[in-house]
Amino acid sequence: TEGSDMKFKAFTLIELMVTLGVITIIATASVPQVQMWIARNKGIQIVSQVISDFSKAKSIARSIVKQQDAVVAGSFVFGSRPQVSMYFKADSYYILQRNSMTPGGWSETSDTVLKSFRLPSKVELYSVNGSLVTSGITVLFSSSGRLKKDDGSFITPVKDKTYIEDCGSEKSDLKGVGVFMAVFKVDASNNKTLWYRTEISPAGDFFACFSTENSFLENANIIEL
């Protein structure tokens with residue numbers, strides 16, 4: 001008001017520019033940490049999702065066979081028994097069903113899709129049971145819960161202890177009886193790649209490992225899910 005002795009002080013242009021500069025530096029420095037946190041979170045989520053869908057595919061396989069047996073009173077004609085599989089690609093995977101015993105040639109375009117899951121951005125499925133995912137890889141589920149290869153032969157437990165059981169200095173609880181193993185890689189900040197591996201036993205037990213190296217022998221830690 002007129003005659004008041006009150007004075008107002010504002011930021012000078014230089015003070016404002018210095019403040020904005022400090023904020024920019026702090027924000028820029030925190031970006032790699034944020035990107036790393038996002039990458040770690042994606043890896044843990046995808047490992048958890050695969051374990052869950054593996055269990056779901058196994059349950060579906062048992063269920064549809066029981067339904068089929070009930071329809072034909074336990075005397076079904078060979079070739080009519082349904083099959084269930086998980087079909088893995090580098091950027092996605094599917095739970096598929098086929099109403100015949102025809103071997104091989106599984107695809108999300110030719111078989112019934114019970115569930116599909118596309119991997120998040122910057123996440124890639126690297127290998128399944130030791131085979132690089134350069135094309136589709138199929139894992140079949142038998143009515144007894146055992147796993148089969150695409151050719152119909154049973155998958156035996158993986159026992160490569162130097163690669164399968166080790167997670168840094170820790171040992172896998174599965175003790176060499178895993179029948180399924182998937183390795184994922186996640187692109188993080190500053191050209192860094194994070195690696196995630198999950199193993200599943202015939203009983204459905206699982207073991208998950210995280211590493212900054214594909215060997216999982218160093219810089220690796222167990223993932224508690």
Residue tally, condition touching a residue at least 12 places away in the same chain (Cβ under 8 Å), among the aliphatic types (A, V, I, L, M) and open to solvent by 10 Å² or more (accessible area, probe 1.4 Å), over region 182-213: 1
Filtering region 77-129 down to residues that are open to solvent by 60 Å² or more (accessible area, probe 1.4 Å), within 27 Å of Trp195 (Cα to Cα) and assigned to a loop (DSSP other than H, G, I, E, B) yields Lys89, Asp91, Ser121, Lys122
Output yes when any residue across region 61-76 is in contact with a strand residue (DSSP E or B) (Cβ under 6 Å, 6 or more places away or on another chain), assigned to a helix (DSSP H, G or I), modelled with pLDDT under 95 and buried (at least 18 other Cβ atoms within 10 Å of the Cβ), and no when none is. yes
Restricting the search to region 168-181, which residues are closer than 24 Å to Ser85 by Cα, among the small types (Gly, Ala, Ser) and buried (at least 18 other Cβ atoms within 10 Å of the Cβ)? Gly178
Report, ordered by the first and then the second residue, all pairs with beta carbons closer than 8 Å, sequence separation of six or more or different chains, a first member in region 84-101 that is free of Cβ contacts under 8 Å to residues at least 40 places away in the same chain and more than 22 Å from Pro120 (Cβ to Cβ), and a second member that is among the aromatic types (Phe, Trp, Tyr) and assigned to a loop (DSSP other than H, G, I, E, B). Arg98/Trp106; Met101/Phe78
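The values are calculated or read from the model by the stated rules, or taken from the named source; none is laboratory data. Please read all numbers here as calculations on a predicted model, not as lab measurements. Cβ atoms come from the backbone with ideal geometry, glycine included; neighbour counts cover every protein chain shown. The area values use the complete protein model at the heavy-atom level, side chains included, leaving out ligands, DNA and RNA. Shrake-Rupley method; radii C 1.70, N 1.55, O 1.52, S 1.80 Å.
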